[in-house]
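**Student:** If you scroll down you'll find the structure; I have some questions about it.
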Amino acid sequence: MAKLMAVASVAPLAARAFVASPAGSNIGVATALGSKAVPLREATPAGKGASTAARAVGAAGGFGLLAVAAIGSRRGSSTLLARQKRHIVQTRATATQTGPAKKLTNPPELIDAVDIFIFDCDGVIWRGDSLIDGIPAVLDKLRAMNKRCFFVTNNSTKSRAGYKKKFDSLGLDIPPEEIFSSSFAAAAYLEQTKFKESGKKVYVIGERGIGEELDLIGVPWFGGEADKDTEAPMFPGGKVEHDPNVGAVIVGFDRYINYYKLQYAQLCLNENPGCQFIATNLDRVTHLTDAQEWAGNGTMVGAVSGCTGMSPNVVGKPAPLMIDYLAEKFNITDRSRICMVGDRLDTDIAFGINNGLKTCLTLSGVTSLPELMDEVPRKKGTEGIQPNYYVNSIAEFFK
């Protein structure tokens, strides 16, 4: 399984989530700035601040889903994008999707037009540790029709091997090569940008999934669950000593977040020249149990962004890293015959729209029908984002 889980095979593709298109094109990255092309300047000398794009996103109060290579610290070390003199194009997902969502009342209308289904996991396949009703039968029927299925999750608490174990525990026999997590995407990005060759380390806010993926590519890291009980020295003269050789801080979902971790992360980002701020995702809420929604990774990312003034490089959905990987590995040339199925408008559906996929929203997770139908105010960042279809759960694929 370790061989199947190896990250090396994704190396040539990882940077695609971050290398922007020339000015005037559309890479479809949802952001608080709306539809606006913002050129990235070359990194400025130390002390003169970050690029125009990074400052604009910070001022807008959003974390800016910058699907680009590392912007670097506010002190402005040279970055991959700056060296290549590329540009960022910021655009909302709605730039390519208009019209109301359609209730899927005739499932063959969608299923016959799709060869590949990409499923989110939390809120689509399971809620917490409970399998959603009807899921095994749906997957079996899709495979019987020769449909390919992939599972792409923004949850970074597990590695791909960890998610394989969860699928197994729920009675779902999913091949490991069909599973992709944002912890994998973070490692793939560092692999592509040759972070290991820098000799730097990674500080992790997050759980074991990130560390397990970093171990597979040989990148040194520390933090994570090892710091869950560490207390900040809050007494006269107390200070946290940090490692000046940390070259990246990865922030993933962390049920053990504490003040020490936040302080360590801000010291690395504020004081280590060129230290990269990488977020696995910006999900506002998540499903830890099937009883209610819980604060998501946007909470942790927001705290770090707030004390550094930096916008993260996001590697999970809606950034295109994982769909680019799938397209090349499996020789997919017609993305219109792929359907992204998820429960979140601003990640899953935006991911599909931005990358030329069909989209289907399931109401078994985060998004409610009144919200989708604009009968109640939309959550920030989801305004105007409409899927092609919606279902109560994917059990409605076969009635």
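**Student:** Tell me the net charge near P108. Cut-off is 15 Å between Cβ atoms, P108 excluded, with +1 for each Lys or Arg and -1 for each Asp or Glu.
**Tutor:** Numbers: positive: K102, K103, K141, K147, R337, K358, K399; negative: E109, D112, D115, E396.
So the environment of P108 carries a net charge of +3.
**Student:** So how long is each side of region 318-399 along the principal axes, counting just the alpha-carbon atoms, biggest first, in Å?
**Tutor:** The principal-axis extents, from largest down, are 41, 33, 17 Å.
**Student:** Could I ask something else about it? Please label the shape of region 145-232 as rounded, prolate or oblate, based on the square roots a ≥ b ≥ c of the eigenvalues of the alpha-carbon gyration tensor (a/c under 1.5 means rounded; beyond that, a/b larger than b/c means prolate, else oblate). Could the numbers behind the result be given before it?
**Tutor:** Values: a/c = 3.13, a/b = 1.57, b/c = 2.00.
Because a/c hits 1.5 or more and a/b fails to exceed b/c, region 145-232 counts as oblate.
**Student:** May I ask for the net charge around V246, where only other residues with Cβ less than 9 Å from the Cβ of V246 are counted and Lys, Arg are +1 while Asp, Glu are -1?
**Tutor:** On the way: positive: K200, K201; negative: D243.
Summing Lys/Arg as +1 and Asp/Glu as -1 gives +1.
**Student:** Same structure again: Which of rounded, prolate or oblate describes region 192-281 when judged by the alpha-carbon gyration tensor and an a/c cut-off of 1.5?
**Tutor:** Values: a/c = 2.13, a/b = 1.37, b/c = 1.55.
Note, shape of region 192-281 comes out oblate.
**Student:** Further, regarding this structure: With the full set of protein chains in place, find how many percent of the accessible area of region 301-399 is carbon and sulfur; take the probe as 1.4 Å.
**Tutor:** On the way: 1570 of 3080 Å².
The C+S portion of the solvent-accessible surface of region 301-399 is 51 percent.
**Student:** Okay, moving on. Straight-line reach from K165: which lysines fall under 25 Å, measuring Cα to Cα and dropping same-chain residues less than 8 apart?
**Tutor:** Reachable lysines: K3, K141, K147, K228, K317, K329.
**Student:** Taking the alpha-carbon centroid of each part, what is the distance from region 216-259 to region 132-202 in angstrom?
**Tutor:** 26 Å
**Student:** Assign one of three labels to region 127-185, namely rounded, prolate or oblate, based on the Cα gyration tensor with a ≥ b ≥ c the square roots of its eigenvalues; rounded applies when a/c is under 1.5, prolate when it is not and a/b is larger than b/c, and oblate otherwise.
**Tutor:** Details: a/c = 2.10, a/b = 1.40, b/c = 1.49.
Oblate, since a/c reaches 1.5 and b/c is not below a/b.
**Student:** Between their Cα atoms, which of K201/K358; K194/K261; K194/K358 are more than 30 Å away from each other? Before the final figure, lay out each step's value.
**Tutor:** Values: K201/K358 39 Å; K194/K261 26 Å; K194/K358 34 Å.
With Cα atoms farther than 30 Å apart: K201/K358; K194/K358.
**Student:** How many Å² of accessible area per residue for region 112-271, probe 1.4 Å?
**Tutor:** Numbers: 6360 Å² over 160 residues.
Value returned for region 112-271: 40 Å² of accessible area per residue.
The values are calculated or read from the model by the stated rules, or taken from the named source; none is laboratory data. Because the structure is a prediction, the values reported are computed rather than measured. Quick reminder, even Gly has a Cβ in these numbers, built from the backbone with ideal geometry, and neighbours come from all protein chains shown. Note: areas computed on protein heavy atoms with side chains; ligands, DNA, RNA excluded. Shrake-Rupley method; radii C 1.70, N 1.55, O 1.52, S 1.80 Å.
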